Every structure is written in C-alpha cells, then in structure tokens.
1. Please find, in a Gaussian network model of the chain (springs between Cα atoms separated by less than 10 Å), the residue of 77, 126, 137 whose mean-square fluctuation is greatest.
2. When a/c reaches 1.5 or more, the comparison of a/b and b/c decides; with that in mind, is the range 75-161 rounded, prolate or oblate per its Cα gyration tensor?
3. Could you give the angle, 0 to 90 degrees to the nearest 10, between helix 152-161's Cα long axis and the longest principal axis of the Cα atoms of the chain?
4. Antiparallel DSSP bridges in the range 1-156: what percent, to the nearest 5?
5. So how much slack lies between residue 53 and residue 162, counting 0.36 nm per residue of separation and subtracting their Cα-Cα distance, in nm?
6. With the chain treated as a Gaussian network of Cα nodes joined by springs under 10 Å, which of 132, 118, 82 yields the largest mean-square fluctuation?
7. Specify which labelled value, from [x] 26, 21, 15; [y] 35, 15, 13; [z] 42, 13, 11, agrees with semi-axes √(5λ) of the Cα gyration tensor in Å derived from the coordinates of the model shown.
8. Grab the Cα-Cα distance for residue 34 and residue 14, subtract it from 0.36 nm times how many residues apart they are, and report the gain in nm with one decimal.
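What follows draws every value from the coordinates through simple rules; no lab data is involved. The structure displayed is predicted, hence computed values, not measured ones. FYI the Cβ positions are ideal-geometry reconstructions off the backbone, even for glycines, and counts take in every protein chain you see.
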C-alpha cells in the first residue's frame, strides 16, 4: 500500500515485479517510484519487504535483482553500478576461450573506485584502470541490455597490467 497525497493506493507488487521481469532483471528504486507515481521512501520500504520475502535480491540501497527472472545476468548490472566499465581480465579471457577456468565473479575494469558486489545470484568485482588504458572493448548484448567486453588481446593486456 502506498500513500499518494492523502489517498492510499493498493499496489499489487507481484504484478509489478512480473511486469518488470518482462523488461529487465534490474529493479531500480527511483524508476519504480517514477513509473508507478509513488514516493521514493515508500517504494524503498516496499522493495525491502519484497527482499525479505525472497522476491528480490539487494545489490545496493537502490538496486535490486528481480528473482522472478529465471536467468539473472551479472552483465546487466555492471553498467548500472559503474557506467564507465567493461568486462575484462579472467572473465573476458574465459568468454573468448583463452582460459579454461570459470571465474566465480564477473570481473570488470573501471576508471572509478574498485568495489565488489555480491548477491546469492552473482558477484561483480570492479578493478581500477587508468584513463589512458580505458580502450579496446566491444559491445555485446544480453537478453535485457548491452554491455562492453574487452577484446581478447586487451583482456590479456589488462591481465598482465594487474600482475
């Protein structure tokens, strides 16, 4: 139930999450609040409750993974968490068949601060790279969004850089 002005509006959150699952596996507090004309605070509380019920998985304060989506892709979250980032290092080397190891986390490089995000569904690790080394990636498509991944040679160069 959300309060808009003085009128209480009943929201069917299962229906909301089902509708959102058709569009994306990423649930953003601000976008949900704007789309359904709800106060941000009320939306945040509702999403916290849905997380406790096991329907969402919290990534950050305002970013959630929609567990009604069958195959949640970590790559869908990387550009939400760090706009200027691309998949590289062991994740890209594995993607291109240059490594037989399957990384546990999606490893990305960014010009921003390093950070790790962990949920039961996925882990993303951001490593910092200098602006002058931020190049050599191509665009790929997931079911819901686009992301950047290092070309094979660049992934190897990045890996050597971080040794």
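1. Of 77, 126, 137, the most mobile in the Gaussian network model is 137.
2. Values: a/c = 1.30, a/b = 1.11, b/c = 1.17.
It is rounded, given that a/c, with a ≥ b ≥ c, falls under 1.5.
3. Between the helix axis and the principal axis of the chain, the angle is about 80 degrees.
4. Working: 22 of 28 bridges.
Restricted to the range 1-156, the bridges split so that about 80 percent are antiparallel.
5. Values: separation 109, 0.36 × 109 = 39.24 nm, distance 4.03 nm.
Length gained, residue 53 through residue 162: 35.2 nm.
6. Result: 132 has the largest fluctuation of those listed.
7. From the options [x] 26, 21, 15; [y] 35, 15, 13; [z] 42, 13, 11, the structure gives [y].
8. Numbers: separation 20, 0.36 × 20 = 7.20 nm, distance 1.77 nm.
That pair, residue 34 and residue 14, stretches by 5.4 nm at full extension.
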